[in-house]
1. Please give the charge dipole size of segment 177-371, origin at the Cα centre, charges +1 on K and R Cβ atoms and -1 on D and E Cβ atoms. Round to the nearest 20 debye.
2. Please give the peptides 217-226, 382-391, 267-276 ranked by average Cβ packing (other Cβ atoms within 10 Å per residue), highest first, as a rough proxy for protection.
3. State whether segment 182-256 is rounded, prolate or oblate according to the following rule on the C-alpha gyration tensor (a ≥ b ≥ c being the square roots of its eigenvalues): a/c under 1.5 gives rounded; otherwise a/b larger than b/c gives prolate, and the remaining case gives oblate.
4. Rounded, prolate or oblate, given the Cα gyration tensor of segment 17-58, with a/c below 1.5 counting as rounded?
5. Determine the distance separating the Cα centre of segment 178-252 from the Cα centre of segment 120-156; give it in Å without decimals.
6. Considering amide H positions built from the backbone, and no H for Pro or chain starts, which residues 5 or more places from VAL57, or on another chain, come under 5 Å of its amide H?
7. May I ask you to give the solvent-accessible area per residue for the chain, in square angstrom, as obtained with a 1.4 angstrom probe?
8. Post the alpha-carbon centroid distance, segment 282-327 to segment 6-76, in whole angstrom.
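The values are calculated or read from the model by the stated rules, or taken from the named source; none is laboratory data. Note that the structure is predicted; figures quoted are calculated from it, not measured. Here the Cβ positions follow ideal geometry from the backbone for every residue, glycine too, while neighbour counts run over all protein chains shown. Side chains are part of the model used for accessible areas, which takes the heavy atoms of the whole protein and leaves out ligands, DNA and RNA. Shrake-Rupley method; radii C 1.70, N 1.55, O 1.52, S 1.80 Å.
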Amino acid sequence: MPAESNWGGNVAFTARRLHHPESVAELQEIVARAPRVRALGTRHSFSTVADTDGEHVSTSRLPAVIDVDRTERTATVGSGLRFGEIVRAIDEAGLALHNLGSLPHISVAGACATGTHGSGTGRRSLAGAVRGMTMVTADGELAEIRRGEADFDGSVVALGALGVVTRLTLDLVPAFAVRQTVYEDMPREEFRENFDAVMSAGYSVSGFTRWRERAVDQVWLKERVEADGAEPAPRTWFGATAADGPRHPIPGMPGTHCTPQQGLVGPWYARLPHFRLEFTPSSGEEIQSEFFVDRRDAVAAFDALWQVRERFSSEVLIGEIRTVAADSLWLSPAYGRDSVAFHFTWAPDAEAVARAVRVVEEALRPFSARPHWGKLFTAPSPDALRELYPRYDDFRALAARFDPSGVFRNAFMREHFPD
Ligand SMILES: Cc1cc2nc3c(=O)[nH]c(=O)nc-3n(C[C@H](O)[C@H](O)[C@H](O)COP(=O)(O)OP(=O)(O)OC[C@H]3O[C@@H](n4cnc5c(N)ncnc54)[C@H](O)[C@@H]3O)c2cc1C
């Protein structure tokens, strides 16, 4: 049986089959004999990045390895596991991942392959924690790659183009507690004039706006605190007021689907994501886009979007503004620059969304915006991508070397990384 579509339902997969190998040897056989194959994670991407006209292979039924090394401060984990399935074992060892995305439902390999990120000044994307990977390459052989090796920086955010990752070794930090407070209605002027102060006020901070109201609807402040004895969070902050009950970023959706707020202190893994594993994250009926600009352009880019908001805001269920630290991974949207990411959760009307996305892309073009590989975008052309990603041609050469006969190539790669 093939997987019919992505989680969002906006991409109908063309793959003929979905394999669920239960051993690495079985996975190697599948890859070695398939003319065209591609790894599929938890299907949470909104672009066609995960599709193939060949066969899909999932690593979710490979042995569920979670090997925490306290001395090295690493976790080696099965690639198909979801973040929500690895965090407790890491926490029980007194350790933590440096950050998490908004949802714990995504696979570790699928998230790292697209440069998935959370928020926070100085916090790199989730791929920034990868110290090493094991993958099945196009010929069915196993390859190991470690940080420091020549190909490493091109191999982590690799869009599934180099091989099927079976395990990843992730850097860990000492476990920590987080207090999460949701503030409502931060006046827009307060937000933009104090952008750096607001976004750096906690370990991870997200601003939510529908681009309609004069105020930023919600600011989620995730502060690193002592597990016991944290002071209560202040009631007002930059003109915003602490919410009096649990909130969901999307108006009208239940706050109980989200991680605990109202200043309740809890472990890192139960506060850094916005959404709880046991519920559908976000709205469930949506399309998403996201664009990264240089953090120094954050306010100018915010203003540029604000100026054209009437041409896209009617499609917005919610927008989110986050910060991501620079890294050295060639295809990471935060490559070489501390970034601010403008995210859009759109109502699921494909044509209207395409129009709205073009408005956003046009407004952000002067800021050399890089799109999230796993979300919907309509620009840039390959030549523009080459300008945006200084190591673009190095990545193409790396992919051609790893996969000379194009076993992992799909329409997405052909469109954005043509021969
Ligand atoms: C509700 C929702 C919230 C989201 N929140 C965030 C967020 O907070 N931050 C953010 O940055 N993004 C976010 N995203 C986007 C999401 O994190 C990315 O699209 C991510 O890539 C999805 O991971 P996945 O496991 O579903 O991968 P898939 O979508 O299945 O695949 C993505 C890519 O990974 C590759 N891949 C998957 N498994 C492997 C493997 N074993 N080996 C090699 N390549 C592999 C695929 O081939 C494909 O190219 C969100 C998406 C949704 C639906």
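1. Numbers: 22 positive and 29 negative charges, 36 e Å.
With Lys and Arg at +1 and Asp and Glu at -1, about 180 debye.
2. Values: 217-226: 21.4, 382-391: 14.3, 267-276: 23.0.
With the highest mean Cβ count within 10 Å placed first, the list reads 267-276, 217-226, 382-391.
3. On the way: a/c = 1.94, a/b = 1.23, b/c = 1.58.
Taking the square roots of the gyration eigenvalues as a ≥ b ≥ c, segment 182-256 is oblate.
4. Details: a/c = 3.03, a/b = 1.58, b/c = 1.91.
Because a/c hits 1.5 or more and a/b fails to exceed b/c, segment 17-58 counts as oblate.
5. 34 Å
6. HIS19, ARG38, ALA39, LEU40
7. Details: 16460 Å² over 419 residues.
Normalised by residue count, the accessible surface of the chain is 39 Å².
8. Cα centroid to Cα centroid, the span is 29 Å.
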